[in-house]
Amino acid sequence: MTWTIQPEPRTSPDAVAAVRAYLRETAGRYWGRPATEQEVDAVLAEEPDDELVPPRGRFLLARDAREHTVAGCAAVLLADATTAELRRVWVAPHARRRGLGARLVGAAEEAALAMGARAVRLDTRRDLVEARRLYERLGYTPVEPFNDSPYAHHWLGKPLRPKLDRIPEQAPPRE
């Protein structure tokens, strides 16, 4: 499967739908039952995404390249001049187990680098074991807690390094 991952206005209908699907799933998992739309509204009011706009934030949306259906999302927000926070990483059920999660995290890391970040951090819950495995596989390691969210049980981070797009050409030998 091929996806496109691009910045998307956080208020676009597809972005809103992706975040609501993410929250329905994670809240439902936390409560052990399906989350209601009112509960999703409450979570959005408690944790708004208003800051996920340039110049300090980016919201990324993944779409199936052929069908143009939403396949996932990720967001990144500068916490300070050199540290970004990874947020709202979600892959739609139909797109799971195909590498999209890693691609979304990589795209968010690239966006963080472009905003000047040299490190990225995140928090996650203890019940989101698949997410923790993904982050650890991608090089995230435990860091000191950086918030007091009641939904955060693990805090992870990693340094960011620009990727070399190509090997620099060597100068021709001098005669």
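We did not get these values from a lab; they are worked out from the coordinates using the rules stated. Because the structure is a prediction, the values reported are computed rather than measured. Positions of Cβ are backbone-derived with ideal geometry, glycine not excepted, and every protein chain shown enters the neighbour counts.
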Apply the Karplus curve 6.51 cos²θ - 1.76 cosθ + 1.60, θ = phi - 60°, to the phi angles in the range 96-101 and return the couplings in whole Hz, x for Gly and Pro. 6, 6, 10, x, 5, x
Going highest first, how would you order 34-45, 5-16, 96-107 by mean Cβ packing within 10 Å? 96-107, 5-16, 34-45
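For the chain, what is the calculated [θ] at 222 nm in deg cm²/dmol (nearest 500), taking -39500 (n - 2.57) for each run of four or more DSSP H residues and dividing by its residue count? Working shown, then result.
Values: 4 runs with 53 residues, N = 175.
Mean residue ellipticity, 222 nm, calculated: -9500 deg cm²/dmol.
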Mean Cβ neighbour count within 10 Å, used as a protection proxy, ranking 47-53, 111-117 highest first: 111-117, 47-53
